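Nothing in this text is a laboratory measurement; each read-out follows from the coordinates by a stated rule. This one's a predicted model, so the numbers in the text were calculated from it and none came from an experiment. Methodologically, a virtual Cβ is constructed for each residue, glycine included, from the backbone with ideal geometry; neighbour enumeration extends over all protein chains shown.
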Amino acid sequence: MSLDNYAIIDSTLREGEQFINADFTRDQKIRIAEALSEFGTEYLELTSPLASPGCADDVRAIVRLGLKSRILTHIRCHRDDAAIALDTGVDGLDVVIGTSSQLRQFSHGKSIDEIIDLAAETLTWIRAQAPDIELRFSTEDSFRSEEAELLRVYLAVDKLGVVNRLGTADTVGIATPTQVGRLVGTLRRLTHCDIEFHGHNDSGCAIANAFAALEAGATHIDTTILGIGERNGIPPLGGFVARMYTYDRAATRRKYRLDQLRALDLMVAEMVNVDIPFNNPVTGYSAFTHKAGIHAKAILNAPETYEALDPHDFGLTRYISIAHRLTGWNAVKARADQLGLELTDARIKTLTQHIKVLADERALTLDEVDNLLRQWANGNGAHGSWQTGSLVDG
Ligand code: HCA
Ligand code: CU
């Protein structure tokens, strides 16, 4: 597999706009587009110009920015939609039509043969109008579509020879990595197109599914900042990039400005009025904090022992928490050093046991521990030695 040859299609300004709290102004859309382009996402996908007159103007305004990222817009499989979208000057069109029995019955009401005819007519027309545009055809709800029917649609579209990319969409977030790998691998073998994966996170597999798609030969992955989108969204840009970083650190650092992730997440969190989740990869509140004494000891010796991601690559710092009963003397000693206090190892060990006993009774703050350290450094602390051992004492 060639995992350094993929592109991110960031859809914060399309899928992300479908998040319940997202009502981006033009100015906000421009700020997001500029920041994503700076970060290095290869493509930006924008809401269809048919959604509203304002959305059409937004697409034109973003096209006019002349960003490094290529600009795509997302449309239904209709010639009329395509004509309006082409008129905005975008670099590419992402065309989509539902193929699952649910969508065929309750959304557009078309049979598979009708879908194939409509796709052929629309895609051929687009290519004739715009020979150089990047053209993608995707099936909505690919993973609940009947496999033979789905392949019939993809193969018919591939045979037209007019699209650059076939999209697969886990619209309701039910696919597993194995299923994603199988479908993407099949399309890779049977067609001549690049392959895109767009997967929702309803059952928590969005990032894993995106990675499985790449392993099977996908070339393009959809993300949004913080993962915002319909319901609970799609792979978060930061989480997906973290996945790729643990796979190939050097390539990921080359491709993307990792130190800008935090600013991106903070900007969008504020715009859509949510907090960054505490357990978010990279930018979550506790993503680089260490607590247990044995972890802290190893981290102080060699951070990579317990850190797959180096916080410095993301412009962040680690935090070793010491004010609790799982603390260890190595971490307490490191804090004393930070504060410029001189204490022998024996004194630090005794103080560590004291902290544990205090923390058994109530939650401590770092300020309290700092004060204890200062008192003990000035010779005011207890001199007795605690005999209590602890499994977590590093
Ligand atoms: C939608 C559905 C979609 C499309 C994905 C795609 C999905 O909101 O239009 O074009 O590949 O999840 O199926 O986002
Ligand atoms: Cu979607």
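Short version: ³J(HN,Hα) in whole Hz for each residue of region 241-256, in order, from phi by Karplus 6.51 cos²θ - 1.76 cosθ + 1.60 (θ = phi - 60°), x for Gly and Pro, what are they?
Values, residue by residue: 5, 4, 4, 6, 5, 6, 7, 8, 4, 5, 5, 5, 5, 5, 6, 10 Hz.
Full extension from D57 to T246: what is 0.36 nm times the residue separation minus their Cα-Cα distance, to one decimal in nm? Mind dumping the intermediate values first?
Values: separation 189, 0.36 × 189 = 68.04 nm, distance 3.94 nm.
This chain segment gains 64.1 nm when fully extended.
Can you give the net charge of the other residues whose Cβ lies under 13 Å from the Cβ of F19, counting K and R as +1 and D and E as -1?
Numbers: positive: R14, R231; negative: E15, E17, D23, E230.
My count for the surroundings of F19 gives -2.
Using the basic label-point model (7 angstrom from Cα toward the beta carbon), what is the E368 to K159 distance in nanometres?
With each label placed 7 Å out from Cα toward Cβ, I get 7.4 nm.
Can you give me the angle between helix 26-39 and the longest principal axis of the chain, using Cα atoms only, in degrees from 0 to 90, rounded to the nearest 10?
The helix 26-39 is inclined about 70 degrees to the chain.
Straight-line reach from K255: which lysines have Cα under 28 Å away, leaving out those fewer than 8 places along the same chain?
K29, K68
Can you pull the Kirkwood radius for the chain, inverse mean 1/r over Cα pairs, to one decimal in Å? Show your work: numbers first, answer last.
Details: mean 1/r = 0.0427 Å⁻¹.
Mean inverse Cα-Cα distance, inverted, gives 23.4 Å.
Spin-label point model (7 Å from Cα, Cβ direction): what's the D87 to R64 distance in nm?
1.7 nm
If Rh is defined by the Kirkwood formula over all Cα pairs and Rg also comes from Cα, what ratio Rg/Rh do you get for region 290-383? Before the final figure, lay out each step's value.
Numbers: Rg = 13.6 Å, Rh = 13.7 Å.
Looking at region 290-383, the ratio lands at 0.99.
Can you tally the net charge around P49? Count Lys and Arg as +1, Asp and Glu as -1, for every other residue whose Cβ sits under 9 Å from the Cβ of P49.
Details: positive: R60; negative: D57, D58, D81, D87.
With Lys, Arg at +1 and Asp, Glu at -1, the net is -3.
Which angle between 0 and 90 degrees, to the nearest 10, do you get for helix 261-271 versus the longest principal axis of the chain when only C-alpha atoms count?
It is inclined by approximately 70 degrees.
What is the sum of charges, Lys and Arg at +1 and Asp and Glu at -1, for the other residues whose Cβ falls under 14 Å from the Cβ of Y6?
Working: positive: R165, R188, R243, R254, K255; negative: D4, D10, E42, D194, E196, E215, D222, D248.
Here the charged neighbours net out to -3.
Assuming 0.36 nm per residue, please report the length gained on full extension of the stretch S101 to E304 beyond their Cα-Cα distance. Walk me through the numbers on the way to the answer.
Numbers: separation 203, 0.36 × 203 = 73.08 nm, distance 4.86 nm.
Extra length from S101 to E304 when fully extended: 68.2 nm.
Measuring from label point to label point, each 7 Å out along Cα→Cβ, what is the W125 to V274 span in nm?
3.7 nm
Helix 112-129: angle to the longest alpha-carbon principal axis of the chain, degrees 0 to 90, nearest 10?
Computed tilt is about 90 degrees.
Determine Rg/Rh for region 131-197; Rg is computed over alpha-carbon atoms and Rh is the Kirkwood hydrodynamic estimate from the same atoms.
On the way: Rg = 11.5 Å, Rh = 12.1 Å.
With Rh from the inverse mean 1/r over Cα pairs, Rg/Rh is 0.95.
Can you compute 3J(HN,Hα) from phi for each residue in region 352-359, using the Karplus curve 6.51 cos²θ - 1.76 cosθ + 1.60 with θ = phi - 60°, rounded to whole Hz and x for Gly and Pro?
Working through the residues one at a time gives 4, 5, 4, 4, 4, 5, 4, 6 Hz.
For region 238-345, max minus min Cα coordinate along each principal axis, in Å, sorted largest first?
Cα spread of region 238-345 along its principal axes, largest to smallest: 48, 33, 23 Å.
Shape of region 198-277 from its Cα gyration tensor (a ≥ b ≥ c, root eigenvalues): rounded if a/c is under 1.5, otherwise prolate when a/b > b/c, or oblate? Present the calculation step by step, with values, prior to reporting the outcome.
On the way: a/c = 2.42, a/b = 1.19, b/c = 2.03.
Taking the square roots of the gyration eigenvalues as a ≥ b ≥ c, region 198-277 is oblate.
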